[in-house]
Amino acid sequence: RSLYAWKNGQNPLAFVGLFRNFAWLSSNELVAHWESNTMLLRRGDFATEGWWSPNWIPFLHNGGGDLYCVDSAGLGGSEPILFFDHESERRLVEFDHLEAWLKTVVESFEADCWREADGEMIPVDSDQINTIFRKNNPRTA
């Protein structure tokens, strides 16, 4: 909530991915993605159990149906960040919690690991990004 109190997502007309090729959802977009997937779940449209959970709060999207979500029912209250690939039933926990994701993003930008090109952020130093990721995410790295 504090993150959204500070800034309500990115300008949807200026699609430059904040993280990889994912843009930060506004609160209205967040609700729309959550409601859409939750409605599909409740209607039984997902072929596999565990495809979607109402406990997953999307905050990043790539415009093609893939999302990064906070798992609000995470074990031990950690609320991990998972990657929702709309074409796969596999759900990967990529960060232990939102603070680890944010710290990774900030540190990788401060280390000049990214450059903007053609509307997305391109990694220019993947080794350094991976080092920052492992440092901030020891359990998921």
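Accessible surface for TRP56 stands near 20 Å², nearest 10, in the context of the full protein assembly shown (1.4 Å probe).
Couplings for segment 102-116, taken from phi via the Karplus curve 6.51 cos²θ - 1.76 cosθ + 1.60 with θ = phi - 60°, read 4, 4, 4, 4, 4, 5, 6, 5, 4, 8, 6, 8, 10, 9, 7 Hz in order; Gly and Pro are left as x. For LEU82, the solvent-accessible surface computed with a 1.4 Å probe is close to 10 Å², ligands and nucleic acids excluded. Which entry is the computed mean projected area of the Cα convex hull in nm² for this structure: (i) 11.4; (ii) 10.3; (iii) 8.8? So the structure-derived entry is (iii). In the Gaussian network model of the chain, springs joining C-alpha atoms below 10 Å, which of THR48, THR131, THR104 carries the largest mean-square fluctuation? Greatest mean-square fluctuation among the candidates belongs to THR48. Largest accessible area first, the listed residues TYR4, TYR68 line up as TYR4, TYR68 when surface is computed with a 1.4 Å probe on the assembled protein chains. Each part gets one Cα centre, and for segment 92-120 versus segment 27-65 those centres are 23 Å apart. Only protein heavy atoms count here; under a 1.4 Å probe, PHE133 has an accessible surface of about 40 Å².
Basic side chains Lys and Arg get +1 at the Cβ, acidic Asp and Glu get -1 at the Cβ, and with that the dipole of segment 83-141 about its Cα centre reaches some 360 debye. Taking the Cα centre of the chain as origin and assigning +1 to Lys and Arg Cβ atoms and -1 to Asp and Glu Cβ atoms, the resulting dipole is close to 360 debye. Across GLU35, GLU49, GLU94, GLU29, the residue with the most accessible area heads the list, and the full order at a 1.4 Å probe is GLU49, GLU35, GLU29, GLU94.
Determine the per residue accessible area of segment 89-130 with all protein chains present and a 1.4 angstrom probe, expressed in square angstrom.
61 Å²
The values are calculated or read from the model by the stated rules, or taken from the named source; none is laboratory data. Please read these numbers as outputs of a predicted model, since none were measured by experiment. Note that we place each Cβ from the backbone using ideal geometry, even for glycine, and neighbour counts take in every protein chain shown. Just so you know, the surface numbers come from the protein's heavy atoms only, side chains and all, with ligands and any DNA or RNA stripped out. Shrake-Rupley method; radii C 1.70, N 1.55, O 1.52, S 1.80 Å.
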